[in-house]
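Here is the structure we will look at, set down as structure tokens.
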Amino acid sequence: MIRATLHTALLLLALPSLSFAQNSSRTVERIEQKGNRLEVVTSDGVYLITPYSDRIMETVFVPNGEAHDPRSHAVVMAPKAAGTLRTLDGAVEFATGGISATVTRAPFGISYSYKGKPLVAEKNGYARQGKLESIDFALTPDEALYGGGARALGMNRRGHRLPLYNKAHYGYGQKSEQMSYAMPLVLSSKMYMVHFDNPTTGFLDLDAKKANVLSYQPSSGRKAYQVIAGDSWEQLAWEYTGLTGRQPLPPRWAFGNFASRFGYHTEAEARATVDKFIAEKVPLDAIVFDLYWFGPDMRGSMGNFSFSKAQFPNPRGMMADFSAKGVKTILITEPFVLTASTRWQEAVDRKVLATDDKGAPFRYDFYFGNTGLIDITSPLARSWFWDIYKELAPMGVAGWWGDLGEPEVHPDATRHVGGSAAQVHNVYGHEWARLVHEGYRKDFPGQRPFILMRSGYSGSQRFGLIPWSGDVSRSWDGLKPQPEISLQMGMQGAAYMHSDLGGFAGANLDDELYTRWLQYGVFQPIFRPHAQEDVASEPVFRSPAALALAREAIRLRYRLLPYNYTAAFDNNQAGLPLMRPLMYEEPGNPRLRELSSTYLWGNDILVSPVLEAKKTAQEVYFPATAAWIDFHTGQRHEGGSTATVALAADRIPVFVRAGAFIPMAPGMQTTRDYSGKNIELHYYHDRSVAAGSGKMYEDDGETPEAFEKGKYELLQFASRLSGKQLEITIASEAGANRRRLARTLSMVIHNIGAKPAQVEVDGRAVPFDYQGASGTLVFQATASDAARRRISVRL
């Protein structure tokens, strides 16, 4: 008993101050384990505590008079961890092999720890505050907080009270407290997450009053949250995406370049644009049609969902011609059916629209006209909406753009089958993405959908939703927060967050801004210049100088396709972001907690985009975990150092981790031309690296769940340095339903200090080219489908 009492006292002392100061009127009546769940019956309700894994614990409060609602829009994992109940002095501990919850009886309180280390604790429990409910957690003074969805606030978001209401912010610049994609999710620098499992509108208060309090304040709904712990940021990503679902691999063409603007008015204009890209030898994989595909102007035709015959006389032929050139077609759709549209009466008759309190279609005015809103929660509406997609897809549509899906205008009085406007609003885009995702699985099971949407919710990544950061200002102020927004969203599972390259809003013709934004875009998840048409978004319509710089950036994007696709595979399998903050490398370095201006692209490329005008140099920090080699010049930088790097107009600073393998492809006009038969494999040698590793994932770029179906090939790369002997092995693992591909490897080894004495491939000496000025070794490995190749370099 003395030992148990001491354990409880030490635990409570280690927790944040006031962590156990719960609602003083709440008393414990009974604590009982029922199967894998702990039930804590209090005077005003029941707490249900359930472990999902050794790192995830869920707590649900069910007030007296309410029934437990087990439904979650976010969570897909089934509880699978075993909890063990232990009685302490004045408390009980419900523990797994990692995470545990401790419930104190008097005063009542719940605190969480991981492997014996305190994480976070409820402060006052669930309570009602005016029109909002609340749950408070006690914070330590030194922890940084991230999350809350898409915002532009700086990496550490502590000190802000964030609206949980998806709302577009037109023309935003360096700061935006409210954007189209909110999530009730908080991450701490102490290496834990809290996900509040309720999509209802409300607020997320990240210690706005400077009182060391995290407060979740929903307007109604489930009183549930999950605490997630980990030993690293990578492990947190694994656990959270295991809980809420992982992103399917997009089609391979999604990693190419898009032609996009607001918008292409006619078939002739679209055809001329595609032909211009080809003529200028600018790689292209898709063209995106904004709202003019169904009407001649912005007002009156939204909701038609069919090509305007006057503007697009032969859409099927147009899309077939594009496809023959390796260019996919993406169409915008919106959730609004205007009363002036050709489908209004059909939507009314089919009971597709959200209603007023009398059951009639709710009509209201907004920018595009008088409208109704498709009730995405209604089975009738979902069936009607999907039938439109199902009819258009076989005509040649390869991808979908879901715009205004917050919904952009959503009156509070709107009624849905799934609940009130407040209950449905934040999951509208989530449910819309689910509709398209599930529709493809049912009707087009051999095709990966492309789903571009600006609004979603926790877990929307599992439906393949690809979000973008909204109508950003076409300015340097608009560019500056873009890495932060993508980094934050990647940490929250939405790894494909990206920006309208070049900026969207405003008639700002600035070639330096444009080219710097596109150079950054090489290292963001989706490469899609897009803007209002008063200034061209497409590089082929910019000045010769801007076109030349943009062309080189886009060509680099295509050459990195094998590396980028492998990073996407890591996201699909493990939830790892494509863009990663440097604190992933050094979680214990407080200097990196607020850094977003330099980041990791995949595991091995360090990127420092140019975010200010007329800069000639900028400071770059190199993570202490490795030495880093300049991608363009070969200059070596010691890990843990900071250097002032000179800037050039034709590139941004990019570096590669010493010991890394970077697979690259030959140049191509479209990803359709990619075969994987010829690969440049770059190895970044360094004397500090005794052993290095890497991989390259391949499939057909089209089949859903190709890896799980055995339709893949995985190349594993390894290096070993012993004295003056560098050994590189390449091992190929082919899935059960794929043949190993015969490949020719162009091997490029960087940072070699002197001409090697000999190079062997599979025991045979081969000719090589040593470029002394750059310290680069180049040689060929002939086509082979061998399961294993061995390269030996005598230095």
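The values are calculated or read from the model by the stated rules, or taken from the named source; none is laboratory data. This one's a predicted model, so the numbers in the text were calculated from it and none came from an experiment. Neighbour counts run over all protein chains shown; Cβ positions are idealised from the backbone, glycine included.
A few remarks follow.
- From the options F322, F307, residue that is at pLDDT 95 or above, assigned to a helix (DSSP H, G or I) and of a type outside the set (K, R): F322
- Scanning region 438-456 for residues that are surrounded by 19 or more Cβ atoms within 10 Å (Cβ to Cβ) and either of a type outside the set (F, W, Y) or in contact with a His (Cβ under 7 Å, 6 or more places away or on another chain) (or both) yields G439, R448, P449, I451, L452, M453, R454, S455, G456.
- Against the conditions (1) under 20 Å from I679 (Cα atoms); (2) at pLDDT 95 or above; (3) part of a strand (DSSP E or B), R720 satisfies every one except (1).
- Among the residues listed as A101, A106, A74, the single one being assigned to a loop (DSSP other than H, G, I, E, B), closer than 23 Å to S25 by Cβ and in contact (Cβ under 8 Å) with a residue 60 or more places away in the chain: A106
- Yes/no for S688 being among the polar types (S, T, N, Q), farther than 29 Å from K442 by Cα and not in a strand (DSSP E or B): yes
- Within region 270-307, the set of residues being farther than 30 Å from D365 by Cβ and among the basic types (K, R) comprises R271, K276, K281.
- Residue in region 239-251 that is of a type in the set (D, E), under 30 Å from L592 (Cβ atoms), outside any helix (DSSP H, G or I) and at pLDDT 95 or above present: no
- Checking each residue in region 68-107 for being polar (S, T, N, Q) and either within 23 Å of M191 (Cα to Cα) or surrounded by fewer than 14 Cβ atoms within 10 Å (Cβ to Cβ) (or both) picks out T84, T87, T96, S100, T102.
The rows are residues; the columns are (1) closer than 22 Å to S215 by Cβ; (2) under 38 Å from the mean Cα position of the chain (by Cα); (3) among the polar types (S, T, N, Q); (4) at pLDDT 80 or above.
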position: H7; (1), (2), (3), (4): no, no, no, no
position: S19; (1), (2), (3), (4): yes, yes, yes, no
position: I31; (1), (2), (3), (4): no, no, no, yes
position: G35; (1), (2), (3), (4): no, yes, no, yes
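- Residue match in region 605-622 (condition: among the polar types (S, T, N, Q), modelled with pLDDT of 95 or more and part of a loop (DSSP other than H, G, I, E, B)): yes
- When we screen F622, F661, F631 for residues that are of a type outside the set (A, V, I, L, M), over 24 Å from S486 (Cα atoms) and without any contact (Cβ under 8 Å) to a residue 60 or more places away in the chain, the only hit is F661.
- Residues that are within 21 Å of A150 (Cα to Cα), at pLDDT 95 or above and not in a strand (DSSP E or B) do not occur anywhere in region 385-399.
- The selection criterion, being surrounded by fewer than 21 Cβ atoms within 10 Å (Cβ to Cβ), basic (K, R) and over 22 Å from M491 (Cα atoms), holds for R551.
- The sole residue among E638, E619, E680 that is assigned by TED's automatic domain parsing to the domain that holds A783, touching a strand residue (DSSP E or B) at 6+ places or on another chain (Cβ under 9 Å) and among the charged types (D, E, K, R) is E680.
- Pick from region 697-717, criterion of a type in the set (D, E, K, R) and in a loop (DSSP other than H, G, I, E, B), ranking: nearest to the chain's Cα centre (by Cα): E705
- Cβ separations smaller than 6 Å between residues 6+ apart or across chains give the following pairs from region 39-64 residues that are part of a strand (DSSP E or B) to residues that are among the polar types (S, T, N, Q): G45/N64; I49/T59; P51/T96; I56/Q226; E58/T50; E58/Q226.
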